[in-house]
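For reference, the structure discussed in these notes is given below.
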Amino acid sequence: MSTVIPRQSGYVQTNLETVKATPEELYANKQFRLYSGLKWLNISVILAMHLMALAALFTFQWDSLLVMVVLYTWAGMGITLGYHRMLTHRGLILHPIARFVIHLGACLSMQGPPLKWALTHRIHHACSDQPGDPHSPIDGVFWSHMLWLGAGRDTAIEASLQRKYIPDLANDPLCLFFTRTYLLWNILLGLILLWLGGISWLAWGMFLRVVLGFHMTWLVNSATHIWGYRNYETPDRSRNLWWVALFTFGEGWHNNHHAQPTSAYHGHRWWEIDLTGWMVTALCTTGLAHRVVGPKVFKRERLKY
Ligand SMILES: [Zn+2]
Ligand SMILES: [Zn+2]
């Protein structure tokens, strides 16, 4: 019989006992989160987007496919280059115009406002595959892939973790602007697509594109902590997985990333194609990016093989 964990008790239930927990563990622990309730907003949005994406099956047009590819690339780069490598890990600094464009793309991915994304991801790096990791496959493959998004969270604990993990972002004007206007941009894009291309553009450019983006990001949390090879002996279970890297513009080289989190380049061998890294180089060449953190010298003795 499972023990009921009092809300905000500071304790979590393990398989064998109830133990004192850190705020990170309370924030991430599966049983504690489920006891805190469900995040109906997340669940509703994810379910609705999947259902509406089915409309794409009946409304195919070549121009809709093109619109989807363009928006998938913009939103995907927004996540990988913007939310992840720039905001969360401070791997580069972008010119204000490029920063705005890339932030906007990230918002259009519908993966949440910037501060929440950065907070979750910094905690993931601090507690990778340990108690406190918000989405480790150790807690279940589907938990790490998507179920963790639907479980409740204690707002007081979240506020304390925000103070600890993202003090540098809390007052960032652009982060605050996009946190406030996050929903507005998505509604605006939906209306523009409907106006310009009807249901087909909306289904492909919004619903299907967002759902594909969801699963690609989620695969980085699930699949690249399960399958693939390792270049570095990191203390976590991160792996390099080529097919995830292909569709996530380089994020699938996840073991490289865990070994050198601040690097703006995730492909460390010549065949590890990292489209986001190529974009970083292009932005540097045109003067739109600077203070780029590169990968440390690749030392063969550190390799597993
Ligand atoms: Zn990871
Ligand atoms: Zn990261």
Within the group A156, A223, A170, which residue is at pLDDT below 95 and over 28 Å from A289 (Cβ atoms)?
-> A156
Could you grab the pairs with beta carbons closer than 6 Å, sequence gap of 6+ or different chains, first residue in the range 219-247 and free of Cβ contacts under 8 Å to residues at least 60 places away in the same chain, second one of a type in the set (S, T, Y) and within 11 Å of ligand 1 (Cβ to nearest atom)?
-> R239/T224; L241/T224; V244/T224
Can you find a residue in the range 108-116 that is within 16 Å of ligand 2 (Cβ to nearest atom), of a type in the set (A, V, I, L, M) and assigned to a helix (DSSP H, G or I)?
-> yes
So is G76 of a type outside the set (A, V, I, L, M, F, W, C), assigned to a helix (DSSP H, G or I) and either within 24 Å of G150 (Cα to Cα) or within 16 Å of ligand 1 (Cβ to nearest atom) (or both) or not?
-> yes
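Here is a yes/no grid of residues against (1) surrounded by fewer than 21 Cβ atoms within 10 Å (Cβ to Cβ); (2) polar (S, T, N, Q); (3) at pLDDT 95 or above:
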site: V101; (1), (2), (3): yes, no, yes
site: C107; (1), (2), (3): no, no, yes
site: M110; (1), (2), (3): no, no, yes
site: A118; (1), (2), (3): no, no, yes
site: H124; (1), (2), (3): no, no, yes
site: Q130; (1), (2), (3): yes, yes, no
site: V141; (1), (2), (3): yes, no, yes
site: L147; (1), (2), (3): yes, no, no
Which condition number does R90 fail, the rest of (1) touching a residue at least 60 places away in the same chain (Cβ under 8 Å); (2) of a type in the set (K, R); (3) part of a helix (DSSP H, G or I) being met?
-> (3)
Residues that are assigned to a helix (DSSP H, G or I) and farther than 21 Å from W218 by Cα, drawn from the range 32-68 = F32, Y35, A55, A56, L57, F58, W62, D63, S64, L65, L66, V67
Give the number of residues within the range 192-221 that are more than 15 Å from ligand 2 (Cβ to nearest atom) and of a type in the set (S, T, Y).
-> 1
Helices (runs of 4 or more DSSP H) enclosed by the range 200-305 - at least 3 residues per element that are surrounded by fewer than 20 Cβ atoms within 10 Å (Cβ to Cβ) and away from ligand 1 (no atom under 14 Å from the Cβ) = 209-221, 242-247, 275-285
Those residues that are over 15 Å from the mean Cα position of the chain (by Cα), within 14 Å of ligand 2 (Cβ to nearest atom) and under 14 Å from I226 (Cβ atoms), I need them from the range 124-146; list them, please.
-> D129
Any pair with Cβ under 9 angstrom, 6 or more apart, that starts in the range 123-138 at a residue that is more than 14 Å from L26 (Cα to Cα) and ends at one that is among the hydrophobic types (A, V, I, L, M, F, W, C) and within 13 Å of ligand 2 (Cβ to nearest atom) = S136/C127
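This table checks each residue for (1) among the small types (G, A, S); (2) out of contact with any helix residue (DSSP H, G or I) (no Cβ under 6 Å at 6 or more places or on another chain); (3) under 29 Å from A56 (Cβ atoms); (4) more than 16 Å from ligand 2 (Cβ to nearest atom).
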| residue | (1), (2), (3), (4) |
| --- | --- |
| T224 | no, no, yes, no |
| Y229 | no, yes, no, yes |
| R239 | no, no, no, no |
| A245 | yes, yes, yes, no |
| T248 | no, no, yes, no |
| S263 | yes, yes, no, no |
| R269 | no, yes, no, yes |
| A282 | yes, yes, no, yes |
| G287 | yes, yes, no, yes |
Out of the range 194-209, which residues are farther than 14 Å from V69 by Cβ and either out of contact with any Ser or Thr (no Cβ under 7 Å at 6 or more places or on another chain) or of a type in the set (V, I, T) (or both)?
-> L194, W195, L196, G198, I199, L202, F207
Here the residues within the range 81-131 that are of a type outside the set (A, V, I, L, M, F, W, C) and within 13 Å of ligand 1 (Cβ to nearest atom) are H84, T88, H89, T120, H121, R122, H124, H125, S128, D129, Q130
Contacts under 7 angstrom Cβ, first residue in the range 171-183 being within 16 Å of P96 (Cβ to Cβ), partner part of a helix (DSSP H, G or I), 6 or more apart | L174/R99; L174/F100; L174/H103; C175/P114; C175/L115; F178/H103; F178/C107; F178/P114
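The values are calculated or read from the model by the stated rules, or taken from the named source; none is laboratory data. All of these numbers come straight from a predicted model, not from anything done at the bench. Because the Cβ atoms are built from the backbone with ideal geometry, glycine has one as well, and the counts that use them run over all protein chains shown.
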